[in-house]
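Everything below concerns the one structure shown next.
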Amino acid sequence: MTASTASASKSTVNVPAPERKSDLLPVLGRIMEYMSGGQARGRFLLAVFLRSVGLIGLILMPWLTGQAINVATAGGSGSELAMWCIAALVAGAFYLALSTVAERQFADLATRALENLQTNLFNHIQTLSLSFFDRQPIGELLSRVTNDSEAVARFYETAASQIIRAIIQIVLVLFVMLVISPELTVAAMVVVPFMLILTFAVERISSPAFAKMQEEMGKISGFQEESISGHKVVTSNRRQEWAGDVNDELAGSVFDVGSQAFFTSLLQFPLTTSLIMVMTVIVLFVGALLVLDGQTTLGVVIAFSGYAALLGSPLSDIANLSSTTLNAVAGGRRVFSVLDEQPTVVDAPDAVPYEFKGGDVVFDNVDFSYVPGRKILKQNTFHAEPGMKIGLVGPTGAGKSTIINILTRYYDTDSGRILIDGQDLRSLTQESLREQIGVVLQEAFLFTDTVMNNLLYARADATKEDCIEAAKRANAHEFITNLPQGYDTMMTERGANLSQGQRQMITIARAMVANPKLLVLDEATSNVDTRTEKLIQEGIMALSEGKTSFVIAHRLSTVRDSAIILVLNAGEIVESGSHDELMAQKGFYYTLYMSQFKGKAPGGAESGTADFIST
Amino acid sequence: MFKSLRRMLVIYRPYRGKLIISQVFLFISAIASLASATLQQRLINQGIEAGNERVIIATSMWMVLLAVVAGLAMAGTAYYAVFFSQGTGYYVRNALYRKIQTFSFANFDQFRTGNLLVRLNADVQNVINAVLYTVMLLLYAPFMLVIAFILAFRDTPSLVWMLLVVAIVVLALMALIIPRVFKAYDDRQNQLDDVNNTMQENLTGIRVVKAFVRERLEIEKFGQRAAALRKPAFAAAFLVAFLNPLLQGIGQIARALAIWVGGEQVLSATLNIGELITFTQYLALVITPLALMAIVVPFVLRGETSAERLFEVYDAEPTVQDKPDAVPLPLEQVKGQVTFENVTFAFRRPDGQLDPPALKNINLTVEPGQRIGILGATGAGKSALVNLIPRFYDVQEGRITIDGIDVRDVRQDDLRQVVGIALQEALLFQGKIRFNLKFGSPDADDAVMENGARAADAHGFITNLPEKWDAPVARRGYNFSGGQRQRLSMARTLTGQPRIVILDDSTSALDVATESRVQSNIPAFSQGATTIYVAQRISAVIDLDNIVLMQYGEIVDMGNHEELMQRSQLYQEIYESQLGAGMMSAREVA
């Protein structure tokens, strides 16, 4: 990213929307839509149905065993006892069988929902314009996208079906309890508000405590990351003791808030256990009084206490899953904000494919700003004729990279026109344009894949022969064949197992495979050894041969042979012309050029008096 | 078994009392839960069936009390479990990190930063979990089982076997399911990493994707990864969701069986109904702890593996250590002569083998106050050479002396105060600018710091910041440009006022004008200090009187610019490629 976009990003960084209670249900609904809407609706309803029917089996069991107890206490027959018990066992088997089917359905729906959400998100991101990516550091976007969709995933995979099951179970159990004995139901329900209040209270305390703990964990791992990857600095400055002390203090904070978070959340466990025990006591107590009063039988009371137990567990499940759900809503909100993002650069409705006619590029009074009101390019006008090499020079932030960004239409201009072979850039499809304009970027980005696949990446219909041919012309063939598996060698993350120079040669070869008609080169500033440098330069020359090319130069030596050198300063083209013309002008370019040689230029050019300027 | 975790027990020696209390609490909560169930028997037999209202009330009160006791005791266990697990985390994080601080460069080469960080994070977390669950849950099920067995033997000996059967069935089912859950989660995590990596590559390479118009390929690639995630995610989601209904179902089925078997005995009057109901409560009470125990075991296994990995780091010895009779090297007495005598040095690979030598037979003397440049391509051995002076590594052959004293004979702390090195990667730390500049010498005067910054050409941009010397520095210094970071890094080195200044390619991100300003400032600031400039860029050394030219680990030539231009072909090539290539091609074109 250029300095100009970097500074532009500061004012438009996406601040996460503040928590709003009001959109909780709509967001949750949108999350559930992936699991229960569209094609999934039928299967979702089926799963809910199976779940409900299965639960009826479970709920029959206390009643059936209650009947068995009545038989036992009333001194009934053994076969009658066996009948009720067998019925209960059958109900149990039925419950387990249907649970298996239903849970499989839910798990399938959940994972499909996740897959759809992930691919939707990814596919949508592909359509977004570069302005979206420049607006925030990629790392931030990445962690948002991955952490947020994982929060939603946890909801799909562990919470959704459990909550559905818990709700059905509560409704069914309550219904049965009311049918058996309204008095006992009231007695059993006495503890429910306590349970809900206490679990939510625990949640209210523990969930910010966990957030605090995450924050402290972030601090310590950040410090450890910084100080261990910077161990050379720590060691050479003899600050190991200090680092140990800082770490100690940070670990102490983690201990403090971690203990608090874990302890409060673990309190849930004893609270639920105690309250369910109390619930049983109340049911038995009230039941006992009712039995003494002759209003009910012991069997009913026992059965009822069984139901009370079946009510307790789904209640605590719902309380336990509330944080998962809230996290999913928070994550979902951000995922949907990305999904609702619209691309800023869109093809015109009547856009036509770009037709190459030699590569004539005209900038006509082009103004551009990343942020309204802060012009990065001012009235840029120039003409590149077919096959010309255009050098772009100037201090950092002068707008060199920006010219490239708008030429490839990653951004649209504010005013003015860009004509390419006489066709207005805005009237063309982005795809056709970018297929014809090759870009070799400063940072040699390679994918974690084989060398060959990295080359094949450049063009959908490229063959392996094309790639090898390109590699040869880019001077990359020799070292590639010397790699352990030649063209099939895996690049480790971002090509870390190759030298920087080698990675650059591969990117040049990749651009050759694409065989673009126009070329943009952002010259690398990296230091490579002399031999490699020479090979790279040869590769670039082969690549740009006969093509209209734009070269952003950091060392002036690479653009000396340009047909036109555009000298940019603060968004304006302050000088333009060939090297010799510009040198003769003794202006901005001249000063820039002379400062490189520190008075030791070849050919004895006397430059000791030239003012150094800082770029 | 659990060798590494047991090795950790030494941490808990001072807390043995607390450990015992935690398990006593656990035991109390087990007794209270089961006693409450026993009381049901009394409530039914002597209360309901005998029609005794007073017994009913009294028993109910007792049961409520037991519920409270059980809850409190459990909370007590939880408290200690958290104390022990978080305390372990604190202790291990600290001990391990301090150990890492004693490491030499070669140790870091062996372990790698990322690897150490994983151990400090994920592995410590695994050990914390293992401790938490062990303290809180491991003995709960055995306690419950033993007490339930005793009570059942007392009251309903004819049904005890069912307790055993249920315990075995639950454990067997758990033994079957839990490892699958863990495996499913591991698989899921691996696939998820794949998904996330694909996303990461796509986002970091988005310009390449767009430049080559390959969005469709990316979508296809990601679609495959996301689809691959579904299978393990399904297994994990299903198994976890199924556990709950499974345990509920088993509980109810066990109860039905018990009522059947017990009901027959009630009918034949060998058992009363209260006893039977109580027994069904025992059954219900042991199932959950058994399931929990089954869940704890894999956590403990995982903790053991992690503990092993932690000890691997903990047991590593720093490769560079002070001699027991190391002598002090007082800063003010050092003149600054650096001599390499027949030095041969090779890096060690992680497997312990030596790489081919990075330096071969180096002989070099830098006189006090001299300024020399070291020039060469990547891999020529320049950094290796200067890293030996502050003894970041030890040589295999030969020796390096400062004022004639072998660097291995002095204390590392003293040595590194004498030798200041600004490293290739200009890394800053989170904090203020002042903190960063005084990083190596916290007691330095502000005036020294400011002059150091002036010499490194950092004074200007620092004082332009609103907070000036107190301006915040983000992690790794990311809020400053590469050139600013390098200047701050040099200022940091200079603020320590070392007698030997090494700038290891630390002007590479600066433009030539700034670079030469810094070079001309330094001698005035660090009066009489020996200065060594390491560079790939010829402009960084072109003005120096003495340029050491390196190639393939050897010194191939030495002299000033004019001399080397005359006699060294390598030097000419470097010069041509860096300053003259454009001229050559321009000539060719013409």
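Taken over segment A:252-304, the criterion of being among the acidic types (Asp, Glu) and closer than 30 Å to residue A:215 by Cβ is satisfied by A:256 alone. Within the set B:311, B:340, the sole residue that is in contact with a Ser or Thr (Cβ under 9 Å, 6 or more places away or on another chain), within 30 Å of residue B:129 (Cβ to Cβ), outside any loop (DSSP other than H, G, I, E, B) and at pLDDT 90 or above turns out to be B:311. Does residue A:159 satisfy the criteria of being in the same structural domain as residue A:99 (by TED's automatic domain parsing), in contact (Cβ under 8 Å) with a residue 60 or more places away in the chain, part of a helix (DSSP H, G or I) and of a type in the set (A, V, I, L, M)? For residue A:159, the condition - in the same structural domain as residue A:99 (by TED's automatic domain parsing), in contact (Cβ under 8 Å) with a residue 60 or more places away in the chain, part of a helix (DSSP H, G or I) and of a type in the set (A, V, I, L, M) - is met. Taken over segment B:505-553, the criterion of being touching a Leu at 6+ places or on another chain (Cβ under 8 Å), of a type outside the set (Gly, Ala, Ser), under 29 Å from residue B:342 (Cα atoms) and more than 13 Å from chain A (Cβ to nearest Cβ) is satisfied by B:531, B:532, B:533, B:548. Scanning segment A:281-313 for residues that are buried (at least 24 other Cβ atoms within 10 Å of the Cβ), more than 7 Å from chain B (Cβ to nearest Cβ) and over 17 Å from residue A:191 (Cα atoms) gives A:301, A:303. Do we find a residue being of a type in the set (A, V, I, L, M, F, W, C), closer than 25 Å to residue B:100 by Cα and either assigned to a helix (DSSP H, G or I) or at the interface with another protein chain (Cβ under 8 Å from one of its Cβ atoms) (or both) anywhere in segment A:198-218? Looking for residues that are of a type in the set (A, V, I, L, M, F, W, C), closer than 25 Å to residue B:100 by Cα and either assigned to a helix (DSSP H, G or I) or at the interface with another protein chain (Cβ under 8 Å from one of its Cβ atoms) (or both), one finds at least one in segment A:198-218, hence yes.
Of all the listed residues (B:54, B:98), the sole one being under 27 Å from residue A:232 (Cβ atoms), surrounded by fewer than 19 Cβ atoms within 10 Å (Cβ to Cβ) and charged (D, E, K, R) is B:98. Condition first: without any contact (Cβ under 8 Å) to a residue 60 or more places away in the chain and within 12 Å of another protein chain (Cβ to nearest Cβ). Now tell me which residues in segment B:565-579 satisfy that. Selection gives B:565, B:569, B:570, B:572, B:573, B:575, B:576, B:577, B:578, B:579.
When B:114, B:76, B:87 are checked against the criterion of being at negative phi and either without any contact (Cβ under 8 Å) to a residue 24 or more places away in the chain or not in a helix (DSSP H, G or I) (or both), B:114 stands alone in meeting it.
The set of residues in segment B:316-361 that are crowded, with 18+ Cβ neighbours inside 10 Å and among the aromatic types (Phe, Trp, Tyr) comprises B:340, B:345.
Residue B:518 satisfies every condition listed in (1) over 22 Å from residue A:557 (Cβ atoms); (2) modelled with pLDDT under 80 except (2). Against the list (1) within 8 Å of chain B (Cβ to nearest Cβ); (2) of a type in the set (A, V, I, L, M); (3) farther than 30 Å from residue B:236 by Cβ, the condition residue A:110 fails is (3). Condition check for residue B:223 on (1) within 30 Å of the chain's Cα centre (by Cα); (2) modelled with pLDDT of 90 or more: one failure, at (1). Scanning segment A:565-578 for residues that are over 17 Å from residue A:379 (Cβ atoms) and surrounded by fewer than 20 Cβ atoms within 10 Å (Cβ to Cβ) yields A:577, A:578.
Yes/no matrix, rows are residues, columns are (1) under 26 Å from residue B:179 (Cβ atoms); (2) more than 9 Å from chain A (Cβ to nearest Cβ):
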site: B:226; (1), (2): no, no
site: B:238; (1), (2): yes, no
site: B:268; (1), (2): no, no
site: B:297; (1), (2): yes, yes
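Which of (1) assigned to a helix (DSSP H, G or I); (2) surrounded by fewer than 17 Cβ atoms within 10 Å (Cβ to Cβ) is the odd one out, the single condition residue A:187 does not satisfy? Residue A:187 satisfies every listed condition except (2). Scanning segment A:243-256 for residues that are over 12 Å from residue B:87 (Cα atoms), more than 8 Å from chain B (Cβ to nearest Cβ) and in contact with a helix residue (DSSP H, G or I) (Cβ under 8 Å, 6 or more places away or on another chain) gives A:246, A:250. Kindly check whether there is at least one residue in segment B:479-498 that is touching a strand residue (DSSP E or B) at 6+ places or on another chain (Cβ under 7 Å), over 17 Å from residue B:428 (Cα atoms) and buried (at least 18 other Cβ atoms within 10 Å of the Cβ). Yes: one or more hits.
If you take the residues in segment A:64-90 that are more than 8 Å from chain B (Cβ to nearest Cβ) and in contact with a Gly (Cβ under 6 Å, 6 or more places away or on another chain), which one is surrounded by the fewest Cβ atoms within 10 Å (Cβ to Cβ)? Per the stated criteria, the residue is A:70. Exactly one residue among A:60, A:96 is surrounded by fewer than 22 Cβ atoms within 10 Å (Cβ to Cβ) and more than 9 Å from chain B (Cβ to nearest Cβ), and that residue is A:60.
When segment A:422-439 is filtered for residues that are outside any helix (DSSP H, G or I) and of a type outside the set (D, E, K, R), the ones remaining, listed by number, are A:422, A:423, A:428, A:429, A:437, A:438, A:439.
Every residue, every condition in (1) more than 7 Å from chain A (Cβ to nearest Cβ); (2) in contact with a Cys (Cβ under 9 Å, 6 or more places away or on another chain); (3) in contact (Cβ under 8 Å) with a residue 40 or more places away in the chain; (4) within 23 Å of residue A:190 (Cα to Cα), yes or no:
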| residue | (1), (2), (3), (4) |
| --- | --- |
| B:37 | yes, no, yes, yes |
| B:43 | no, no, yes, yes |
| B:47 | no, no, no, yes |
| B:58 | yes, no, no, yes |
| B:64 | no, no, no, yes |
| B:80 | yes, no, yes, no |
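Scanning segment B:187-203 for residues that are touching a residue at least 24 places away in the same chain (Cβ under 8 Å) and either acidic (Asp, Glu) or not assigned by TED's automatic domain parsing to the domain that holds residue B:142 (or both) returns B:187, B:194. Anything in segment B:343-383 that is on the phi < 0 side of the Ramachandran plot, out of contact with any Lys or Arg (no Cβ under 9 Å at 6 or more places or on another chain), modelled with pLDDT under 85 and of a type outside the set (Val, Ile, Thr)? List them, or say none. Of everything in segment B:343-383, those that are on the phi < 0 side of the Ramachandran plot, out of contact with any Lys or Arg (no Cβ under 9 Å at 6 or more places or on another chain), modelled with pLDDT under 85 and of a type outside the set (Val, Ile, Thr) turn out to be B:348, B:349, B:351, B:353, B:356, B:380.
The values are calculated or read from the model by the stated rules, or taken from the named source; none is laboratory data. Computed from a predicted structure; not experimentally measured. Neighbour counts run over all protein chains shown; Cβ positions are idealised from the backbone, glycine included.
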